[in-house]
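Undergrad: Can you read through this structure? Questions will come right after.
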Amino acid sequence: MSIWSKEDSTFMAQAIRLAEKGLYTTDPNPRVGCVLVKDGFVVGKGFHVRAGEPHAEVYALNEAGEKAKGATAYVTLEPCSHLGRTPPCAEGLINAGVTRVVAAMQDPNPLVAGRGLQMLADAGVEVESGLLEAQARALNPGFIKRMECGRPFVRLKMAMSLDGRTAMQSGESQWITGASARQDVQRLRGRSSAIITGIGSVQLDDPALTVRTLIDEQTEASHYRQPIRCVLDATGKMSATANILKQPGRTLWFTQGERSMPGAEVISAEVLDGKIDLSWLLTFLAETEQCNEVLVETGAQLAGSFIEQNLVDELIIYMAPTLLGSSARPLLNLPLHNMQQQKRLHLLDVRQLGEDCRFTYRFSTEAA
C-alpha cells in the first residue's frame, strides 16, 4: 500500500482542479488533469479540453519541455495506452523521461484498464495509483458508469413548492424557482451529454431545453456545447412547430413507425406497454451516442417511471419558498401502496440558491 506525502496530495488536488475546467467540454471523453513536478516545483500542467484534442498529459509535457525529464506526473486518470484520436499518453510520458507517475484512479475503459500503468512500469517508471480516488471518480460519474455498466449516469431534476407541488392544476408553472436556481439548472444542462423529456412536457411547456448562459468561475464555461435533446413520444404526438425543434444542436425524437419531423432525428424506439422502454433508451444513449451523463427534465409521469424502474442515480430537487395548494400538480406519479415499497434516499448536499434550496440525493442500496 502506497503512503503518499502531503506534497503528493497537494499536487493531485491541483490536477483535479485542472480537470474540472473541462466539465462542460470533454464529452464523450473523461475530464482529466495532469501536473508535472520536479524538485518540488510545478514545471508543467494541463487538462483535457475536448475529444479529438490533446490529452491533459500532452499539454503538461509541452509546457514542461526538457524539464519533464526526471519529473513526477500527477494525473487524475490512468494514462491511456492505446492509439485513439491521439497517441498513447503513457508512451509520451516514457519518451519524455518522467520517472514517477501517480494516478488517482485506474481507467475503467476496457481499452486501458491497467494497461497504461503496466506500460509505464515495464519501462521502469515508478507507478502508484489511488491517491484522492474518490475525488477523481466524482469528476466522471457518467464516463465510469458507461464503461462499467453500459449506461449513462442519470440525474433527475425537478422543481417544487414547499408543499411538494410542481404546477397549478392548469399546468402553469413559470416560475416556481428564482433566477439563481434557474442558472444552476443551466450548469446541470451544460455538463450533460443529453436531456430527456416526455411529449407531455413538450406539449404543456413548449421548452427549448438548451444551454443559454453559463456562469461558473471554476471551469472553462465559455466553451460549453449543446446537449442532445431527447423527446420520448411513443405515439407520435409532437407538433412540427414545437420550440424544441428550432434550437441549435441535435434533437432526437423517439417514437414508433415510419415518421419524419423537420428539425429532429427520428429514432425508431423499443416500446414496452405502450411507452418507450427506458432501459433500452439508456443503453441506446450509451452505446450509440456515447452519452456519459443524462439529465431528465420532465413531468410527474415520466419522472415517476424512471424512479419506479430504479434508473435514477441522482435526484436533484429545487424547492421554492411558496405554496401552490392541494389542487396543484404533484411532484411525482409514483404508485406506492405500502411502506415496504418506499424509496429511501441518502442526502448528499443541501445549498441555498437565492431564496430557493437545492437538495441532492442518491438512492439507497436497498432501494436499488
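Undergrad: On the given criteria, is ALA113 among the aliphatic types (A, V, I, L, M), open to solvent by less than 70 Å² (accessible area, probe 1.4 Å) and either in a helix (DSSP H, G or I) or touching a residue at least 40 places away in the same chain (Cβ under 8 Å) (or both)?
TA: Details: among the aliphatic types (A, V, I, L, M): yes; open to solvent by less than 70 Å² (accessible area, probe 1.4 Å): yes; either in a helix (DSSP H, G or I) or touching a residue at least 40 places away in the same chain (Cβ under 8 Å) (or both): no.
It is false that ALA113 is among the aliphatic types (A, V, I, L, M), open to solvent by less than 70 Å² (accessible area, probe 1.4 Å) and either in a helix (DSSP H, G or I) or touching a residue at least 40 places away in the same chain (Cβ under 8 Å) (or both).
Undergrad: Considering the stretch 98-128 alone, what residues qualify as being at pLDDT 95 or above and either of a type in the set (Ser, Thr, Tyr) or on the phi > 0 side of the Ramachandran plot (or both)?
TA: THR99, GLY124
Residue by residue, here is whether (1) assigned to a helix (DSSP H, G or I); (2) acidic (Asp, Glu); (3) in contact with a helix residue (DSSP H, G or I) (Cβ under 6 Å, 6 or more places away or on another chain) holds:
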residue: ARG155; (1), (2), (3): no, no, no
residue: SER170; (1), (2), (3): no, no, no
residue: ASP184; (1), (2), (3): yes, yes, no
residue: LEU188; (1), (2), (3): yes, no, no
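Undergrad: List, please: which pairs have Cβ atoms under 7 Å, are six or more places apart or on different chains, and start with a residue in the stretch 20-36 that is in the same structural domain as LEU111 (by the TED database) and open to solvent by less than 10 Å² (accessible area, probe 1.4 Å) and end with one that is assigned to a loop (DSSP other than H, G, I, E, B) and of a type in the set (S, T, N, Q)?
TA: TYR24/THR219; GLY33/THR76
Undergrad: Can you name the residue in the stretch 247-288 that is touching a residue at least 24 places away in the same chain (Cβ under 8 Å) and small (Gly, Ala, Ser) and is also nearest to ASP206 (Cα to Cα) among such residues? First the steps, then the outcome.
TA: Filtering the stretch 247-288 down to residues touching a residue at least 24 places away in the same chain (Cβ under 8 Å) leaves 247-250, 252, 254, 264, 269, 271, 274-276, 278-279, 281-283, 285-287.
Applying the additional criterion that residues be small (Gly, Ala, Ser) yields 249, 264, 269, 274, 279, 286.
Details: GLY249: 17, ALA264: 15, ALA269: 22, GLY274: 23, SER279: 26, ALA286: 27 Å.
Residue satisfying both the conditions and the ranking: ALA264.
Undergrad: OK, next. Search the stretch 174-186 for residues that are in contact (Cβ under 8 Å) with a residue 60 or more places away in the chain and pair each with any residue that is aliphatic (A, V, I, L, M) and not in a loop (DSSP other than H, G, I, E, B) when their beta-carbon atoms are under 6 Å apart and the residues are at least 6 apart or on different chains.
TA: Cβ pairs passing all conditions: ILE176/ALA159; ILE176/ALA320; THR177/ALA159; THR177/ALA320; SER180/LEU353; ALA181/LEU353; ASP184/LEU353.
Undergrad: Moving on. Give the residue that is surrounded by the fewest Cβ atoms within 10 Å (Cβ to Cβ), with candidates limited to residues of the stretch 120-143 that are in contact (Cβ under 8 Å) with a residue 40 or more places away in the chain and under 30 Å from THR197 (Cβ atoms). I'd like the intermediate steps shown before the answer.
TA: First, the residues of the stretch 120-143 that are in contact (Cβ under 8 Å) with a residue 40 or more places away in the chain: 120, 128-132, 135-136, 139-143.
From the residues that got through so far, the ones that are under 30 Å from THR197 (Cβ atoms) too are 139-143.
Values: LEU139: 22, ASN140: 25, PRO141: 17, GLY142: 25, PHE143: 27.
The selected residue is PRO141.
The values are calculated or read from the model by the stated rules, or taken from the named source; none is laboratory data. All values derive from a computational prediction rather than experimental measurement. Note: ideal-geometry Cβ built from the backbone for every residue, glycine included; neighbour counts use all protein chains shown. Note: areas computed on protein heavy atoms with side chains; ligands, DNA, RNA excluded. Shrake-Rupley method; radii C 1.70, N 1.55, O 1.52, S 1.80 Å.
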